Structures are given as structure tokens and as C-alpha cells.
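Engineer: Let me begin by handing over the structure; questions about it come next.
The values are calculated or read from the model by the stated rules, or taken from the named source; none is laboratory data. In this text, all values refer to a predicted model and were calculated from it rather than measured experimentally. Reconstructed Cβ throughout: ideal geometry from the backbone, glycine too, with neighbour counts over all protein chains shown.
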Amino acid sequence: MIRNAPIIARNPFTLALLNPAVVSRYTAQKNPFFMWAASSVEVGGAQNVTGDVLVDGMPVMLGPKSSYAPTMDNTTEVTVQQNSVDAEYGHSSGGVLNVSMKSGTNELHGTAYYFGRHPKLNAVSDPTTRVGNLVRNHIWGGTAGHAWKKNRIFNFFAYEQWRQQDPRTEQRRMMTALEKGGDFSQSRNSGGGLRTIYDPWTSRLVGGRALRDPFQGNLIPRSRLDPGALKFLGEMWDPHRPGTDITGRDNFAAGFTRGLRYHNISNRTDFLFTDSLRSFFRFSRFRTALYEVNWAPNQSRIFNNANGGAMNALNVSGDLVWTINPRTVLNFRSNYTSWGRSAMRTAPGRAIARPSAAPTSSPSVAGAATSPRCTPWPMRFWEVGPPAPSTGITPATGSASARWRSSATPRSTIPTSGA
Amino acid sequence: MEVIGDPKIDDPNKWGLMFNPAAFRFIPDNSFRVRTNPRSYPGVQGPGYKNVDLNLAKFFRLTEKIQLEFKMEAYNLMNTFSGADPSTDVRNSAFGRVIRMAAGTQGRELQYNARIHW
């Protein structure tokens, strides 16, 4: 059933929207490798990013973001609970989403598949800008479930890979040719008045008040322009349209594609020791790299690559269920989950810094590099079968580290080599 | 900004005006003044959201245990424009108009799929 539903993002957590009590708070980022996707829903009235997200019953939320998400072909069930008062559940102000993954069977079953999209089959991506839809993607993968030992040990393997070109648009307010030459006589503020440029060398205290004078004619003399600033200005590209208001807002717009490389791999082994004792162990991870092209028409060296980067997640889990008697079940679950991301890539062939290449020391990184890693170790509940209440205990440890670039480092991208 | 009229219009249009921009006026004087504008205006709201996705699939049995599936998926089949909320910046020339798509929406996209089941 899940396999036949049209799901553009191929993220099983988006199926929660089929529940009328679930309200979307998604941005454009719904794909499984965007860790905000699973938590950006309001469930039963509770705010988004405050619910809990589970994979195989184990929490994968790290702060407001989720981490690992299975592939669609590796998903067997998605459940939504609006108000989970059961002691089994926590970390939530209300909603709980759970995705259950597939297990192997005695017979060999599986799939091999390919998905594709081509720009010629698509309508324009945005009718307000008439930007053509440049989505070009290739998704392929496969699954296989079988028994290592009949009726006792089962295995299920899943793999999926993406190669995608995604359409993007950006708007900027770029300096006009006059402004780059120091002439602000035509520049207006939002109220329609002159955008006055003051001479900092005229600052003085008069009767306890700080005063300064504007440049004559709102013109900055060429001799006052710093050589370093002129080099910087030389890298700034020109606007190509008037802008949406009198200040020239959004006087430059660009349409481009963003490249994406993603793979998701998972393997689950189920052990049926006896009819009353069973267990599974699962290893799952995905790796994602986003490549944003340098869309500046002059291939500017100060291009700020804010949207490229890497997004990775890892989830290792184990589960043991012992049915002591028809009224008492003992269930231990434990999992390790983590995610890491960085924002430091441009298009293939124009990479200016890579996360693996010492991101804290590279001189060519745009913005900040963060690598949070958290490690919850939930050991879950004792459940005494209905109608008795269940109890739960969840010891967890967590750690997070973030490396931020020095504020003295300019937010610019100066290639250190031709790579 | 101050309100000088009724912002509600009878025929809000996602391709045109969603409310009456002439009902508001920019106050160039930036001195402090107590807010008198209401927090919301009855009858003034953003454009709605409509979307239809559709799959068409055909299975071919290759052997007793192996099937081949071809599927065509259409996302936003009717190519409906879902607009974001209109601009609420009184100084913007697009004040009152929808200037971009709602987040997470796109024009019609088709996706083709082949799958072998065993």
C-alpha cells in the first residue's frame, strides 16, 4: 500500500499528513535527508518539532531535528499517535510518529527499482517567476529479504541511491554601477528619501551630541575608497533588473540547479530464539552531499555558498522481546543515533572546501561548520500486558559539539587552488 | 503604517490583489506612536491550497514469482498554483499581492518508475 502511494519526497514520515489531525509545517525540505522533515508537523494541536519521532519504536529525535529516515521500500508501517500518555513514550509534548521497517521471511523476496524525472516532462517550477523546472533525478535501489536459518534467523537488506538536479532561485539587492563608483546620488531609502552616506572622518562631539556630515552630493570621492574595498567591489556582480521597490530590492535574480548525491543503506537481522524470545539488530545510515553551483554571473570569488553541504545520519539499534507469559512481556530496546552536517560545497568541479578537508582551518569556507553528535541510549520499558499499566525507564546520554569559525574570518570564498 | 480604510475586498485573487492596499498608508515619520491597528482583519486571508497527485501502474508477470511493474507518477497533476501569503510590506510595490509560491509546492512534475518484484 505504501509502495503504491505517490510520495514525491520519498520520505515515509510525510505519510503522517494522511492523518487529518496532522498539520504540515514543512518548508521545501521534505526529502528524507533533511532532518527537519520528520519533525515539521503539528500532531493533534501540539507545536511542530516538539513531538517524538521513532524508528522501529526507538527515538531518533536529537533536539528539534530527527536523524535517520528509512527508504520507502524498507518501510512496512507508519503510525501516528496524537497524545501518547503510555509510559513507553516520552520526549514529546503530544504527537508520536513511528516508522516500522521490514523484516526478512523464510522465502526470498525483494525489489529492484528505478525512478526518474526529466525537465521536459515538467511544468514551470514557479509560475510567479516563470523559471523552468530543471529537476532531473535518478533514483535506484533494491531490497532483499530472506532467511539465514529457516524459522530462526531472518535478514532484510535495503539500499537506495539518488542523483538529482534540483531547481533553485535566489534574489539579491546588488550595488548599481554608480554605487560601486561611490555615487549614491540616485540611491533611495524605503521612505523615498536620499540614502545618505555620511563621512566618518567628520564625526565630532558638539555640546555632548555626536554629529557627522554627509558627503557632498552624496558622492564618495574616489580617493577615499580603500584599495581592498575596490577589489571586493570588483567581485560583486551587477544587477540586471530595476528591483521590486524604490530601494532596488531584489534587483538581481538567478535560477540554477543544485546537485544532490545521496545513498541510504540498511540491514536488519531478526533472531527467533524460541517462540517466546526474539530479537533484532539493525544498522542503518545515509550520506548526503549537496552541491550548489556558483550562480554569480561573473563566477565571483566572494560567492557565499550557504546552501551546499553534507547531511549524514547513522542509526544502530537492537531489540529484545521476552514473552514471559500471556500477561507479561519484557522488552529491551537500545539504539545509537547521530547526525552531522556541514555547509561547504559548490558544484562538482568547483569544490572550494570539503568537510573532510579540515573545515576549521580552511581559509575558504562560507559561514559556519557544525558537527553536532548526540547519543541517546534509551533502554525502554517493562510492559505488563493490558489492562494493567506499563512502566518505562529511559536512561539517555547526549553530547553535542559545534565548531564555529572565528568571527574575524570573512564570510567569503576565495579559492586557494583551481580545484 | 496606519489603516485608513477597509482592507477586505470582494474578489481576492491569488493572481491579483488579496486585499485592498489603499486601505493602508506608510507613516514616514518614525517617531514612536501607540499601535492602533488591529492584529487581524476579518475576511482578509492568504490563498488556499489545492493539490492532486496521481499514480498509474501496470504489472506484467514474467514468471510465476517475478513481476515487472511500470508506473507513471504525477505530482500536482492539475498544475495548480498554490501561492504564499501576499506581501504585507506597505512600502513594497507588490503590497497586497502574492509574489511567490507557498513553501514546499511546485509545478506539475512527472516521474517514471520501473520495478521488478520477486
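Engineer: Is it the case that some residue within the stretch A:330-344 is under 29 Å from A:F232 (Cβ atoms), in contact with a Lys or Arg (Cβ under 6 Å, 6 or more places away or on another chain) and either modelled with pLDDT of 50 or more or among the small types (G, A, S) (or both)?
Structural biologist: No, the stretch A:330-344 has no match at all.
Engineer: Run down B:E73, B:E69 and say which single residue is touching a residue at least 40 places away in the same chain (Cβ under 8 Å), assigned to a strand (DSSP E or B) and under 30 Å from A:T129 (Cα atoms). Lay out the reasoning, then the answer.
Structural biologist: Working: B:E69 fails: under 30 Å from A:T129 (Cα atoms).
Step by step, each of B:E73, B:E69 is checked, and only B:E73 is touching a residue at least 40 places away in the same chain (Cβ under 8 Å), assigned to a strand (DSSP E or B) and under 30 Å from A:T129 (Cα atoms).
Engineer: Then there is this: I need the full set of residues from the stretch B:24-58 which are closer than 22 Å to B:W118 by Cβ and either touching a Leu at 6+ places or on another chain (Cβ under 7 Å) or among the basic types (K, R) (or both), in order please. Write out each step before concluding.
Structural biologist: First pass over the stretch B:24-58, keeping only residues closer than 22 Å to B:W118 by Cβ: B:55, B:57-58.
Listed by number, the list holds a single entry, B:K58.
Engineer: Just to check your reading of the model, which residue among A:N31, A:N11, A:N4 is in contact with a helix residue (DSSP H, G or I) (Cβ under 6 Å, 6 or more places away or on another chain), closer than 26 Å to B:G107 by Cβ and within 14 Å of another protein chain (Cβ to nearest Cβ)?
Structural biologist: On the way: A:N31 fails: in contact with a helix residue (DSSP H, G or I) (Cβ under 6 Å, 6 or more places away or on another chain); A:N4 fails: in contact with a helix residue (DSSP H, G or I) (Cβ under 6 Å, 6 or more places away or on another chain).
From the options A:N31, A:N11, A:N4, the qualifying one is A:N11.
Engineer: Another one. Take the residues in the stretch B:40-58 that are away from chain A (no Cβ under 14 Å) and surrounded by 14 or more Cβ atoms within 10 Å (Cβ to Cβ); name whichever of them is farthest from B:D11 (Cα to Cα).
Structural biologist: The residue in question is B:Y41.
Engineer: Of A:R195, A:R249, A:R224, A:R241, which residue is modelled with pLDDT of 90 or more and within 14 Å of another protein chain (Cβ to nearest Cβ)?
Structural biologist: On the way: A:R249 fails: modelled with pLDDT of 90 or more; A:R224 fails: within 14 Å of another protein chain (Cβ to nearest Cβ); A:R241 fails: modelled with pLDDT of 90 or more.
Checking each option against the conditions leaves just A:R195.
Engineer: Quick one: in the stretch A:182-192, of everything that is surrounded by 15 or more Cβ atoms within 10 Å (Cβ to Cβ) and closer than 23 Å to A:G234 by Cα, which residue is farthest from the other protein chains (Cβ to nearest Cβ)?
Structural biologist: Per the stated criteria, the residue is A:G182.
Residue-wise test of (1) within 7 Å of another protein chain (Cβ to nearest Cβ); (2) farther than 22 Å from A:A5 by Cβ; (3) crowded, with 16+ Cβ neighbours inside 10 Å.
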position: B:R33; (1), (2), (3): no, yes, no
position: B:P38; (1), (2), (3): no, yes, no
position: B:M72; (1), (2), (3): no, no, no
position: B:Y75; (1), (2), (3): yes, no, yes
position: B:T105; (1), (2), (3): no, no, yes
position: B:R115; (1), (2), (3): yes, no, yes
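Engineer: To continue, here is another question. From B:F26, B:F81, B:F19, grab the single residue that is more than 26 Å from A:H118 (Cβ to Cβ) and within 12 Å of another protein chain (Cβ to nearest Cβ).
Structural biologist: Values: B:F81 fails: more than 26 Å from A:H118 (Cβ to Cβ); B:F19 fails: within 12 Å of another protein chain (Cβ to nearest Cβ).
Exactly one of B:F26, B:F81, B:F19 is more than 26 Å from A:H118 (Cβ to Cβ) and within 12 Å of another protein chain (Cβ to nearest Cβ), namely B:F26.
Engineer: Quickly run through the stretch A:94-112 and pick out the residues that are in contact with a helix residue (DSSP H, G or I) (Cβ under 7 Å, 6 or more places away or on another chain) and within 10 Å of chain B (Cβ to nearest Cβ).
Structural biologist: From the stretch A:94-112, those in contact with a helix residue (DSSP H, G or I) (Cβ under 7 Å, 6 or more places away or on another chain) are A:97, A:99, A:101-102, A:111; that's our starting set.
Hit for the stretch A:94-112 is A:T111, nothing else.
Engineer: Another question, then. Name the single residue, out of those in the stretch A:271-329 being in contact (Cβ under 8 Å) with a residue 60 or more places away in the chain and among the acidic types (D, E), that is farthest from A:P239 (Cα to Cα).
Structural biologist: Filtering the stretch A:271-329 for residues that are in contact (Cβ under 8 Å) with a residue 60 or more places away in the chain and among the acidic types (D, E), the one farthest from A:P239 (Cα to Cα) comes out as A:D319.
Engineer: Now for a separate question. Assess whether B:Y41 counts as being among the aromatic types (F, W, Y) and within 29 Å of B:R25 (Cβ to Cβ).
Structural biologist: Numbers: among the aromatic types (F, W, Y): yes; within 29 Å of B:R25 (Cβ to Cβ): yes.
Answer is yes for this residue.
Engineer: Whether any residue in the stretch A:114-131 is touching a residue at least 40 places away in the same chain (Cβ under 8 Å), surrounded by fewer than 16 Cβ atoms within 10 Å (Cβ to Cβ) and within 29 Å of A:T257 (Cβ to Cβ) is what I want to check.
Structural biologist: yes
Engineer: Please specify each residue of the stretch B:84-99 satisfying the condition of being surrounded by 17 or more Cβ atoms within 10 Å (Cβ to Cβ), facing chain A (nearest Cβ under 7 Å) and not hydrophobic (A, V, I, L, M, F, W, C).
Structural biologist: B:R91, B:N92
Engineer: Is there a residue in the stretch A:121-144 that is away from every other protein chain (no Cβ under 14 Å), farther than 27 Å from A:A289 by Cβ and within 25 Å of the chain's Cα centre (by Cα)?
Structural biologist: Of the stretch A:121-144, the ones away from every other protein chain (no Cβ under 14 Å) are none.
So far as the stretch A:121-144 goes, no, none of its residues is away from every other protein chain (no Cβ under 14 Å), farther than 27 Å from A:A289 by Cβ and within 25 Å of the chain's Cα centre (by Cα).
Engineer: Condition test on A:V53, is it more than 20 Å from the chain's Cα centre (by Cα) and free of Cβ contacts under 8 Å to residues at least 60 places away in the same chain? Before the answer, list the steps.
Structural biologist: Working: more than 20 Å from the chain's Cα centre (by Cα): no; free of Cβ contacts under 8 Å to residues at least 60 places away in the same chain: yes.
Against the criterion (more than 20 Å from the chain's Cα centre (by Cα) and free of Cβ contacts under 8 Å to residues at least 60 places away in the same chain), A:V53 does not qualify.
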